[in-house]
Amino acid sequence: MATVYDRIRSNLARQQSDETVVAMRAEDHRRWHPSERSIYQALSNRGALTILPQNMTTEAQVASISRARTLIGFTGSVLHNSVFMAKGTQVIEIGDRSDRETADPMQSELCRICDQKLVFVPGFDGEPRSADDLLSAINSSAFVP
């Protein structure tokens, strides 16, 4: 499976960079987290590339994500595009459900197959975690700009 994604990546990506890409979700997402907008803004202010995949062509999504060294986003299918990233890259999944304290099983399996580091940051601690708390957790568990 990884070979197919490697071919697609090589056709669409320029070269891998040390770039951190943040895959945003629309505010009308059914599992929108109360701190989501603040997280996106804070990561953008630190130099991360923020993208809204639903407003991009498939080719543009893959090109942006495939160059990333780190992909950050809330749980969901857009993070599954990590299959287009190189081996040894990392995915930071921010949980968007209060009843889940572990990474999405599909994301875990994709990262395992693609030899990527997966960091899970729970979005809830009884209550929704604040943007500052989430950023602190992201910083303490992985390298981001």
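Summarising the amide proton neighbourhood of Val91: residues at separation of 5 or more, or on other chains, whose placed amide H is nearer than 5 Å comprise Leu71, Lys117, Leu118, Val119.
Taking trypsin sites (Lys or Arg not before Pro) across segment 95-145, none is in a DSSP loop with at most 13 further Cβ atoms lying within 10 angstrom of its Cβ.
Amide H contacts of Ser98: none lie under 5 Å away among residues 5 or more positions distant or on a separate chain (H built 1.01 Å from N in the peptide plane; Pro and chain starts excluded). Of the GluC sites (Glu not before Pro) found in segment 52-113, those in coil by DSSP whose Cβ has at most 12 other Cβ atoms within 10 Å are Glu101.
Each value in this text was obtained by applying a stated rule to the coordinates, not by laboratory testing. The model shown is predicted, which means the values in this text are computed figures rather than measured ones. Backbone-built Cβ (ideal geometry, glycine too); neighbour counts: all protein chains shown.
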